[in-house]
Structures are given as C-alpha cells and as structure tokens.
1. Hey, what does the equivalent ellipsoid look like for the stretch 120-213, semi-axes from the Cα gyration tensor as sqrt of 5 times each eigenvalue, largest first, whole Å?
2. Just going by the charge dipole of the chain, with Lys and Arg at +1 and Asp and Glu at -1 on Cβ, which of Ala180, Gln3, Ala86 is farthest out on the positive end?
3. For Tyr163, enumerate residues with amide H under 5 Å from its amide H, sequence gap 5+ or separate chain, H modeled in the peptide plane.
4. List, in order, the whole-Hz ³J(HN,Hα) value for each residue of the stretch 185-197 obtained from phi through the Karplus relation with A = 6.51, B = -1.76, C = 1.60 and θ = phi - 60°; use x for Gly and Pro.
5. Which FRET efficiency value, to the nearest 0.05, is calculated for Val146 and Glu202 with the Förster distance at 35 angstrom and r the Cβ-Cβ distance?
6. Can you send over the solvent-accessible area of Thr2, 1.4 Å probe, protein chains only, in Å² to the nearest 10?
7. Taking the full set of protein chains and a 1.4 angstrom probe, give the accessible area of Ser191 in square angstrom, rounded to the nearest 10.
8. Provide the net charge surrounding His241, with neighbours chosen by a C-beta distance below 11 Å and charges set as Lys +1, Arg +1, Asp -1, Glu -1.
Amino acid sequence: MTQVEILTQWVEESQKIVFFGGAGVSTESGIPDFRSQDGLYHQHYSVAPETILSHDYFFAHTEEFYRFYREKMLCLDVQPNGAHRALAQLEQMGKLKAVVTQNIDGLHQKAGSQKVYELHGSVYRNHCLSCGAAYPVEKIAEGEGVPRCLHCGGIIKPDVVLYQEGLDQRTVRGAVLAIAEADLLIVGGTSLEVYPAAGLLEYFQGDRVALINRDATRYDRRAGVIIREPIAGVLETVCAHLKS
C-alpha cells in the first residue's frame, strides 16, 4: 500500500481525528510561508520580519509595524484551497473533531470548519488596547498609519500572537484536550520549529500519526505515515475515497 492509501485506511477507521497545521496549509492558496527558501523570513528587509512581528516592536514602532502588517500579513482576498475544504468535509462526515492551526488567515473557517483552535490568533479579530472595543479587519486594512479607536482614541491591536507574547490559554486548553483525545493525528504544512505550539503534539496519546510536509521535521520519528506531497491533493484524495 502507498502512504496515501494507508492514511485513507486510517481515516476510515478513525472517529476522533485532529489535524494540526501550519503555514504550508495555506501556501496553495497563495499565502507565502515563513521558513522555506521562498518564505517571508528569507526576503530582505531593513528590519527582520521576526523583529517587526514582535511585541516590543509593535509598541516602539507602531506605524512601521502596521506598514509591514498591511502589506505582508493581510491577505483578505485569498480563498481556501483543497486542503481547507477537505478538512471541512471530514468534519461534516463526523470524522474530524478539531483543527489546530498556527495560521492567522481564517481560511479554515472560510472553508466551513467549525471547531478551529487558532493558536496564534486571527487577523479578523482586533481590539482597542485602551477600552477593549472590538473592530473588524476592514478597520485595519482600509486605513493608513496607526488605527485608532472610534470611542476613546486608543491604539487598535490585531488579536494575533506576536513574538514575546504568550498563547491564549483557553485556546491552548481546548487544543490540548482535542489532541489528547484523538485517535488519529494528522500533521501538515508545518516545520514544527515554533514553540510552544509545536510542543502540543506531545499530548497525543494514540499510535497513529500521519505527517504531510514537504520537508523533514523532528516529529518524523513518531509518524507511521510520512507523505512528501502537496497537502490539498492528499486530503482531497482521502475525501474522494470516503465519499465513493
């Protein structure tokens, strides 16, 4: 059997699947990842993206942060790809219990997924740092300079986890519980280099791990299935077999 065929059999036999994904899930939608050769971190800027996307930089150079954020992090016209749609279908079939994602692009929800744990937040949620008022992403995308609250004039901040910031603990608890109860863990499109997010995989108690990723990761040793193919095609193949 091929690795994709084994994964398909595992999905058929499982009822509590959790998908753990990263930037590679959205690259087929046209959103660049971070750490690949063509990724954001390999592009040349006067200030490193890791520095710009940090807590300290946000407060020290807010206008410069937003210039980069609007240009590189807001991809509002991008649509879900086959991977996002296949995961939503697996949830509708009662197979997939949760998506745990490091992405902030909201494409899983746009594809129809209901149970999504966004470890690093979402560009679609924004709030005033002074009064807490919530704002839609359009307030950020359509403005210039530093976005200000209409009520109190405070600075509006995206609900995304910047470097130097901790993860939302309610989201982490939900993700940990889902992973711990899973009977199949599918990991896709992530280098597993970003902690503490990658460390959540250690809570998986089962013995079936499938890893779909272009490059090797430190988690390969635990995977019973390793697939070096585009995620969308793999998951679409699995779903097509289940529906046939």
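The values are calculated or read from the model by the stated rules, or taken from the named source; none is laboratory data. All figures in this text were calculated on a predicted structure; none of them were measured in a lab. Cβ sites come from the backbone with ideal geometry, for glycine too, and all protein chains shown count toward neighbours. These accessible areas exclude ligands, DNA and RNA; they are computed on the full protein's heavy atoms, side chains included. Shrake-Rupley method; radii C 1.70, N 1.55, O 1.52, S 1.80 Å.
1. Details: eigenvalues 243, 38, 24 Å².
Square roots of five times the eigenvalues give 35, 14, 11 Å.
2. Of the listed residues, the answer is Ala180.
3. Amide H neighbours of Tyr163, under 5 Å, 5+ apart: Ser54, His55.
4. So the Karplus estimates, Gly and Pro as x, are 10, 9, 10, x, x, 9, 6, 6, 9, 9, 10, x, 3 Hz.
5. Details: r = 39 Å, r/R0 = 1.12.
With a Förster radius of 35 Å, E is 0.35.
6. Approximately 70 Å² for this residue.
7. Spelled out: Ser191, probe radius 1.4 Å, area about 40 Å².
8. Working: positive: Lys243; negative: Glu5, Glu12, Glu236.
So the environment of His241 carries a net charge of -2.
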